[in-house]
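The values are calculated or read from the model by the stated rules, or taken from the named source; none is laboratory data. None of these values were measured; they are calculated from a predicted model. Using ideal geometry, Cβ is built from the backbone for each residue, glycine included, and neighbour counts are taken over all protein chains shown.
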Amino acid sequence: MRTGGAGRGGRGVGGRQRGEGEERARGRLTGVQLLHATAEAVPYAKTGGLADVLGALPAAQAALGHDVLVVHPWYARLAAEPPPLWIGDVTVPFDGGHVTVGVGTLEAGDVRFAFVGHPSFQRDALYGYPDDARRFALFSRAVPAVADRLGFLPHVVHAHDWHAASLAALVRHAALLPPGFAGLPSVLTVHNAQYQGWADAADVVAWGRLPGTLAGELALHGKGNLLHAGLRTADRVTTVSPSYARELLQPAVAYGLEDAFADLGPRLIGVLNGLDLEAFDPATDAAIAAGYDARDVGGKATCRAALSHELGLDPHRPLLGVVSRLADQKGIDLLIEALPAALEQGWNLALLGAGDPALEAALSAAFAAYPDRLGGRIGYDEGLARRIYAGADALVVPSRFEPCGLAQLIAMRYGTLPVARATGGLLDTIDDDRTGFLFTTAEAPALAAALARARRAHDDRARWRGMQAAAMAMRFDWARAARAYDDLYRDLVAAPRPAPIATGVAAAVGSGLLGEDVGS
């Protein structure tokens, strides 16, 4: 990582040179400074796929020659060893006054991370508190000040999910931004539109020190909604697969935001997520019983036997795997309803997951009823997850909607064929009857029919081996996703920028936004 320390006129994290547009205008995007704002990133904090993306995409972008800064909350249980280096405090305009936040930094390869410290992030869990919207509105408001403290002036700000979505509104409309941030191009990536960040409409405007006239435009059905604020103000909105981008025009998938997504028109773009092919490689994975690759999958039988023994299952039957959150979105209720048919077809099942207590109870009861056919664990264990990916013959992914999905990508990498609903990223990554098995309707009989197709294919060893080879040959790497984002960024940095609506102290005074210091 080029830390430089050169200030705004230098290179690397220290700043950027203003005369860099000619080469980009000729078509090759080079040396761009990218700022990502996220609530999660592997390995520091994770509750879902958002963390996987922000643990991998920035590194792929750095490999293309870009300078990348990721800004992230400094949680109480941040999984960073050694911990970030505290470099001081910054004062953030927020909610009619100012709030002091701490700034910590560390480097992961060629990517620099900055962490925003505040008492509201010093809690046992990442989310689930009544003031979540306020906490992450403060985080978004702090991002420019933290980047400025590091001397990092980006070409593009890239916000992720509702936690950071209001950053797009801030760089377009807010007062009291650091020099150079007003009017910067912005991208918002929606990883899951189900989670939106609801609040009072007046609070959303006040927290961000935004012009009061924006309250109506940014609100959704009269209430404040941080994700909606980002959709209304970002220059581009991306989702994590092309099919999910199309599905977000449907009320059942967009959770009330379908009109906002429709209004984006061509500014809504689906960019398929990737998989870290080095981190997930059955040839080198130390967590599995035997290594193997596409040329010789003999080790996979050893993995299945070892997993069956670990879970107390009959080792002579074909094995289904499930690695999933136990939630309505994931269609686990469909799986439970289809279990009798799956057992009748001859499948065993290995499952790992946690979530909805009712689903956990139903699965625990099924484990007890069929101890030699169903096994697994309620909870999460990275090693067991990998052993299921390697040891199962097929992976069941019956999601009602799936923005992208990581499980099916890992499964195919490990020669485990996905049986999945044809939705979102599952539809974009699985070739029906070639690399997996798709079903259309979110109903247990449709899942059972797909499992029956997979069972018949499994009985034809030559066909199954050919499908395994095709699945293992797929390469959904992060370099491809990084290049797709390059195309998007190129359009933004080359486009003329409109004048920001409200900048500087004069604008803040004129709109009555300056207030008393509210401390930290």
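Things worth noting here:
- One residue stands out among those in segment 304-333 that are in contact with a Pro (Cβ under 8 Å, 6 or more places away or on another chain) and hydrophobic (A, V, I, L, M, F, W, C): the one that is nearest to residue 420 (Cα to Cα), which is 332.
- Within segment 181-200, the residues that satisfy the criterion of being surrounded by fewer than 20 Cβ atoms within 10 Å (Cβ to Cβ) and over 28 Å from residue 400 (Cβ atoms) are 183, 200.
- Those residues of segment 95-113 which are closer than 12 Å to residue 80 by Cβ and touching a helix residue (DSSP H, G or I) at 6+ places or on another chain (Cβ under 8 Å), in sequence order: 108
- Taking segment 108-119 as the range and being out of contact with any strand residue (DSSP E or B) (no Cβ under 8 Å at 6 or more places or on another chain) and buried (at least 18 other Cβ atoms within 10 Å of the Cβ) as the test, only 108 passes.
- Residue within segment 75-90 that is surrounded by 23 or more Cβ atoms within 10 Å (Cβ to Cβ), in the same structural domain as residue 187 (by TED's automatic domain parsing) and over 22 Å from the mean Cα position of the chain (by Cα) present: no
So that you can scan it fast, the table gives a plain yes or no per residue for (1) in contact (Cβ under 8 Å) with a residue 24 or more places away in the chain; (2) surrounded by 18 or more Cβ atoms within 10 Å (Cβ to Cβ); (3) under 23 Å from residue 51 (Cβ atoms); (4) not hydroxyl-bearing (Ser, Thr, Tyr):
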position	(1), (2), (3), (4)
412	yes, yes, yes, yes
419	yes, yes, no, yes
429	yes, yes, yes, no
447	yes, yes, no, yes
454	yes, yes, no, yes
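- For segment 323-346, taking the residues that are part of a helix (DSSP H, G or I) and of a type in the set (D, E, K, R), the one that is surrounded by the fewest Cβ atoms within 10 Å (Cβ to Cβ) is identified as 344.
- Residue check: residue 290 meets all listed conditions (1) within 30 Å of residue 387 (Cβ to Cβ); (2) at pLDDT below 95; (3) of a type in the set (A, V, I, L, M) but one, namely (2).
- Scan of segment 205-224 for residues that are farther than 16 Å from residue 256 by Cα and in a loop (DSSP other than H, G, I, E, B), ordered by number: 208, 209, 210, 211
- Unique residue being assigned by TED's automatic domain parsing to the domain that holds residue 35 and either modelled with pLDDT of 95 or more or under 20 Å from residue 46 (Cβ atoms) (or both) when the list is 109, 96: 109
- Helices (runs of 4 or more DSSP H) enclosed by segment 230-322 - at least 2 residues per element that are hydroxyl-bearing (Ser, Thr, Tyr): 242-247, 298-311
- Annotation: residue 386 fulfils all but one of (1) part of a helix (DSSP H, G or I); (2) surrounded by 24 or more Cβ atoms within 10 Å (Cβ to Cβ); the unmet one is (2).
- Residues (assigned by TED's automatic domain parsing to the domain that holds residue 493 and aromatic (Phe, Trp, Tyr)) located in segment 236-281: 244, 255, 261
- Given (1) of a type in the set (Gly, Ala, Ser); (2) touching a Ser or Thr at 6+ places or on another chain (Cβ under 7 Å); (3) on the phi < 0 side of the Ramachandran plot, index of the condition residue 424 fails: (3)
- Inclusion of residue 38 among residues that are crowded, with 21+ Cβ neighbours inside 10 Å and hydroxyl-bearing (Ser, Thr, Tyr) is warranted.
- Filtered residue count, segment 253-271, keeping only those that are touching a residue at least 24 places away in the same chain (Cβ under 8 Å) and over 20 Å from residue 195 (Cα atoms): 1
- The one condition from (1) modelled with pLDDT of 95 or more; (2) part of a helix (DSSP H, G or I) that residue 437 does not meet is (2).
- Unique match (being touching a residue at least 40 places away in the same chain (Cβ under 8 Å), touching a helix residue (DSSP H, G or I) at 6+ places or on another chain (Cβ under 8 Å) and farther than 14 Å from residue 163 by Cα) among 215, 182: 182
- Residue in segment 340-350 that is closer than 17 Å to residue 310 by Cβ and of a type in the set (Phe, Trp, Tyr) present: no
- Residue count for segment 61-107, restricted to those that are in contact with a strand residue (DSSP E or B) (Cβ under 9 Å, 6 or more places away or on another chain) and part of a helix (DSSP H, G or I): 2
- So residue 133, is it over 29 Å from residue 407 (Cα atoms), touching a residue at least 12 places away in the same chain (Cβ under 8 Å) and not assigned by TED's automatic domain parsing to the domain that holds residue 323: yes
- Subset tally (residues that are part of a helix (DSSP H, G or I) and either over 26 Å from residue 293 (Cα atoms) or touching a helix residue (DSSP H, G or I) at 6+ places or on another chain (Cβ under 6 Å) (or both)) for segment 452-491: 19
- Residue in segment 132-148 that is in contact with a helix residue (DSSP H, G or I) (Cβ under 8 Å, 6 or more places away or on another chain) and assigned to a loop (DSSP other than H, G, I, E, B) present: no
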